[in-house]
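All remarks here apply to the structure that follows.
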Amino acid sequence: MAAVTALPVSLSARFKGSFAYITVKDRLPQILTKVIDTLHRHKNEFFEEHGEKGVEAEKRAISFLSKLRNELQTDKPVTPLEDDLPDAALWNQYLDYQRNLSNGNGEPSWFQSPWLFIECYMYRRIHAAVTQNPPIGSFDVFKEGKAQNFFESQEAIIALCTYFQELLKNIKDLDEKQLKGELFKLLQVSLWGNKCDLSFSAGEESSQKTSPLQSLENMVPYIIVNDMEKLWSLLINAKKSNTDKCIVRVDIILDNAGFELVSDLVLTDFLLSSKLADEVHFHGKSIPWYVSDTTKNDFNWTIKQLQAANHMWMSRCGINWEGNLKKGAWVYKDHMFWTLPHIYSSMAEVAPDLYADLQKSNLLLFKGDLNYRKLTGDRKWEYTVPFHQALNKFHPAPLCSLRTLKSDTQVGLKPGQGEQIQASDPEWMISGKYGVVQFDATT
Ligand code: F6P
Ligand code: MG
């Protein structure tokens, strides 16, 4: 009988000094305060659009969020959702599950419960605060920050679109070695694009200022797990063995809007233009999430912005990308599961339709830190535990995480590797300076 290895504890703010503790104590209240401030600043807009009803709704939303912030800061119990949104029942079931887990040691609460649960719960309560107060229900409290990231990353976006359109001119003449080199470059741009995330910066601006292609070389040492060769062989073998012309499908589970989304779209266009893939499915968030995560509005807005840009290569990208969506080579989806608190090892049970859909893919690319935390269960793993083991039977298809480290959990390192980095750079797990391209084939 194979030894059943106990799963390590979940990251939690109950561990003083952990990054979870700092996040719950300082950063989550900061994010809530910024949301309240955003609503305040839009009071006139709400009045113009909706009259007194709009101002009343804004006041109710603000008092809702101020109460939430107080609950958080004073470690009150986590309360069931009382709204009628479609996922409320699943959330309340999960709250019951957490209550049973704590088996009588008090109610689930902000500092005692698993970090992943209460952080996701906070964003779901923010969503309820807005949607439950019509007529401002469709207001995205994070939209300004996401748009600001896009506009302040213009130089980087222009550099990336220009580079890519030049590459497209002779993409058919590239030999395999050159094609691999370009794939590796664009994978790294997409990886480092993940540094630009507003929940991490607690809403402070975090746009990409420099050209994303210049600094790749000297950032290679900061990629502490680098499975790009495995990605290459999966893709090139799928392309070569594609005798019966079945389509090669790649899925990208998106993370942040702004520069990171543009880097993901360029990578995707490359996969199609190089014929390494025939179809790409994007998975975004169905509600505003973790400050900068991509919603359908953000996805469509970004493509429209590029189309309308007065820069030839930006608009060329935007026009091509809208064409890919129209002809079905690109498909955008936003399943509710991605904004639930569940870790991905429970997807097959909680969202069997989504799991079955992902099983149709040749390769799943998971962007960012929150996805990594959900892939590996947000647990205090030993650094050297194999990625495959930490996935805990989550294997819908071959998958790869493109993640910059912004939380203190990491697996799949070589013996001594984590300790060595820790010695030279104590902030390595939470600075966003290090990244992984971490692959797991399905077996
Ligand atoms: O603490 C940083 C944080 O808010 C984490 O909670 C979360 O994992 C991460 O930022 C989000 O980063 P990303 O956008 O890469 O998923
Ligand atoms: Mg994010």
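The values are calculated or read from the model by the stated rules, or taken from the named source; none is laboratory data. Here the structure is a predicted model, which means the values were calculated and not measured. Reconstructed Cβ throughout: ideal geometry from the backbone, glycine too, with neighbour counts over all protein chains shown.
Applying the condition of being part of a loop (DSSP other than H, G, I, E, B) and touching a residue at least 60 places away in the same chain (Cβ under 8 Å) to segment 411-443 and asking which residue is surrounded by the fewest Cβ atoms within 10 Å (Cβ to Cβ) yields 441. Restricting the search to segment 197-233, which residues are away from ligand 2 (no atom under 16 Å from the Cβ) and at pLDDT below 80? Of everything in segment 197-233, those that are away from ligand 2 (no atom under 16 Å from the Cβ) and at pLDDT below 80 turn out to be 209, 210, 211. Note on segment 50-81: residues that are without any contact (Cβ under 8 Å) to a residue 24 or more places away in the chain and assigned to a loop (DSSP other than H, G, I, E, B) total 4. Here residue 366 meets the list (1) in contact (Cβ under 8 Å) with a residue 60 or more places away in the chain; (2) more than 14 Å from ligand 1 (Cβ to nearest atom); (3) under 22 Å from residue 432 (Cβ atoms) almost entirely, failing just condition (2). Of the residues making up segment 1-56, those that are under 30 Å from residue 138 (Cβ atoms) and of a type in the set (Val, Ile, Thr) number 8. Considering 32, 72, the condition of being out of contact with any Phe, Trp or Tyr (no Cβ under 6 Å at 6 or more places or on another chain), within 22 Å of residue 145 (Cβ to Cβ) and among the aliphatic types (A, V, I, L, M) is satisfied by 32 alone. Against the list (1) in contact (Cβ under 8 Å) with a residue 40 or more places away in the chain; (2) over 22 Å from the mean Cα position of the chain (by Cα), the condition residue 119 fails is (2). Does any residue of segment 234-256 turn out to be within 16 Å of ligand 2 (Cβ to nearest atom), in the same structural domain as residue 168 (by TED's automatic domain parsing) and not aliphatic (A, V, I, L, M)? Yes, some residue in segment 234-256 is within 16 Å of ligand 2 (Cβ to nearest atom), in the same structural domain as residue 168 (by TED's automatic domain parsing) and not aliphatic (A, V, I, L, M). Is it the case, given these coordinates, that residue 425 is in the same structural domain as residue 299 (by TED's automatic domain parsing) and either within 16 Å of ligand 2 (Cβ to nearest atom) or within 30 Å of residue 279 (Cβ to Cβ) (or both)? No: the conditions fail for residue 425.
Scan segment 282-328 residue by residue and report those that are in contact with an Asp or Glu (Cβ under 6 Å, 6 or more places away or on another chain) and more than 16 Å from ligand 2 (Cβ to nearest atom). Selection gives 303 alone. Here are some conditions: (1) touching a helix residue (DSSP H, G or I) at 6+ places or on another chain (Cβ under 9 Å); (2) farther than 15 Å from residue 117 by Cβ. Residue 20 meets all but one. Which one does it not meet? Among (1) touching a helix residue (DSSP H, G or I) at 6+ places or on another chain (Cβ under 9 Å); (2) farther than 15 Å from residue 117 by Cβ, the lone unmet condition for residue 20 is (2).
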